[in-house]
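Step one of this worksheet: look at the structure below.
Please treat every number below as a calculation from the coordinates, not as lab data. Values in this document were obtained by computation on a predicted structure and should not be read as measured data. Positions of Cβ are generated from backbone atoms using ideal geometry, with glycine treated the same way; all protein chains shown enter the neighbour counts.
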């Protein structure tokens with residue numbers, strides 16, 4: 001019996017070959033405007049932090065089986081990309097239901113420590129899905145697959161919306177803001193704060209996010225010390241903000257947005273500038289962004305946003321080439337940043353109020369293309385925080401064999417066994433969404449009933 005699809009046939013069927021070739025993806029237009037949701041979110045002081053590993057993390061070199069037979073299987077599949085067993089950082093004391101033990105990439109000692117301290121868990125073989133998929137349903141054409149499977153643009157979108165059957169421009173963080181900030185004033189800071197500019201995850205039907213940088217909010221600051229130059233600058237700025245353009249709707253709109261942006265900048269700066277963040281943060285963009293996230297969470301009360309979400313992008317994970325060296329350096333940055341961020345939260349007494357998780361466009365092929373890997377589907381992701389039942393691998397870590405593997409679609413593209421809906425449902429419930437409303441937030445969740453990530457988030 002044939003147990004894997006011919007890769008060429010699969011790519012032809014899904015029209016995803018262009019994505020695998022490494023060419024720039026085309027951003028497909030959204031198909032429809034989503035309807036508003038009515039959610040009864042329980043008020044609490046909590047924050048969700050999403051770090052998107054932009055490009056497709058080769059996460060089967062991030063989490064590797066170390067038990068002898070399974071590591072040998074891994075080596076055979078990964079060939080020249082396999083990591084030696086004695087290089088891996090062991091996850092001591094943990095084995096899964098099949099008796100497998102695991103190790104982390106040697107660049108991730110902070111993540112290893114967080115796992116051992118039960119502050120971090122790993123969700124295995126996860127991706128956006130509409131329904132469970134098997135090789136049989138792929139063969140007979142009945143499988144309902146995410147739109148644009150294996151393409152950067154679509155899968156990046158689906159991780160943000162968790163609606164892979166649609167192309168929409170609203171994300172599940174955005175629906176939170178629609179509910180919690182329906183009448184937000186001009187000066188009030190949105191609860192959804194982005195350190196990656198415009199994104200879909202934090203867009204609601206009626207709400208939007210607030211963009212900052214690792215230095216803070218963006219706006220004009222005039223030195224108010226008395227001098228002719230400062231006086232002239234302040235007068236010009238006041239004139240700009242208060243000019244009247246009654247007969248010019250375009251200028252009226254632009255000026256209203258300018259006033260709102262400046263008012264929010266002033267509010268954000270006042271609320272955060274006196275909030276010290278303990279500990280040392282590495283001089284990398286990701287670490288510095290997470291330092292600003294920690295400061296913003298500490299300032300939640302002053303900002304008037306007790307419930308917050310944060311969206312970050314760490315770009316550069318599309319390792320079609322130079323995988324071993326590039327992946328090692330990027331995982332080092334990620335591990336350091338996560339360790340520094342969690343340590344700061346611990347010292348500020350906020351670690352029980354924050355859950356941080358990673359996402360990535362997709363996993364990658366188990367097979368080598370010579371010096372790298374190509375686009376896949378299922379992969380592994382990290383979930384961190386005191387509320388997380390750490391020290392465990394949740395979901396089903398797959399067989400990494402290429403032959404006789406019921407999850408291998410070809411060349412080691414693995415069918416995921418856990419949907420992003422299942423992870424997001426646990427995160428959303430912790431954030432305050434009632435169990436009975438999770439199906440409205442994640443409409444495909446009903447297709448995975450009985451397969452929840454039970455116990456991932458502690459009550």
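Note on segment 356-459: the alpha carbon radius of gyration divided by the globular reference 2.2 N^0.38 Å gives 1.21. For the Cα trace of segment 30-188, dividing Rg by the Kirkwood Rh returns an Rg/Rh value of 1.05.
Quick check on segment 105-189: take the gyration tensor over C-alpha atoms, sort the square-rooted eigenvalues as a ≥ b ≥ c, and tell me if it's rounded (a/c under 1.5), prolate or oblate. Kindly include the intermediate steps, with their values, before the conclusion.
Details: a/c = 2.64, a/b = 1.10, b/c = 2.39.
Oblate is the answer for segment 105-189, as a/c is 1.5 or above yet b/c matches or exceeds a/b.
In square nanometres, what is the average projected area of the Cα convex hull of segment 148-212? Let's see the in-between values first.
Details: hull surface 17.7 nm².
Average projection, Cα convex hull of segment 148-212: 4.4 nm².
Between residue 185 and residue 326, the simple label model (points 7 Å from Cα in the Cβ direction) yields a spacing of 4.9 nm. With contacts taken as Cα pairs under 8 Å and at least 6 residues apart, segment 373-459 reaches a relative contact order of 35 percent.
Averaging 1/r over every pair of different alpha carbons in segment 260-358 and inverting the result gives a Kirkwood radius of 14.9 Å. Evaluate the Debye formula for segment 360-402 with equal point scatterers sitting on the alpha carbons, no solvent, and hand back log10 of I(q)/I(0) at q = 0.19, 0.22, 0.29, 0.34 Å⁻¹, in q order, two decimals. Taken in order of the listed q values, log10 I(q)/I(0) reads -0.73, -0.86, -1.11, -1.25.
Of 396, 404, 154, how do they rank once you tally other Cβ atoms within 10 Å and put the fewest first? Numbers along the way, then the final one.
Numbers: 396 18, 404 10, 154 24.
Sorted ascending by nearby Cβ count, the order is 404, 396, 154.
One quarter of the convex hull surface built on the alpha carbon atoms of segment 78-135 amounts to 6.3 nm², the projected area averaged over directions.
For segment 292-335, the spherically averaged projection of the C-alpha convex hull amounts to 3.9 nm².
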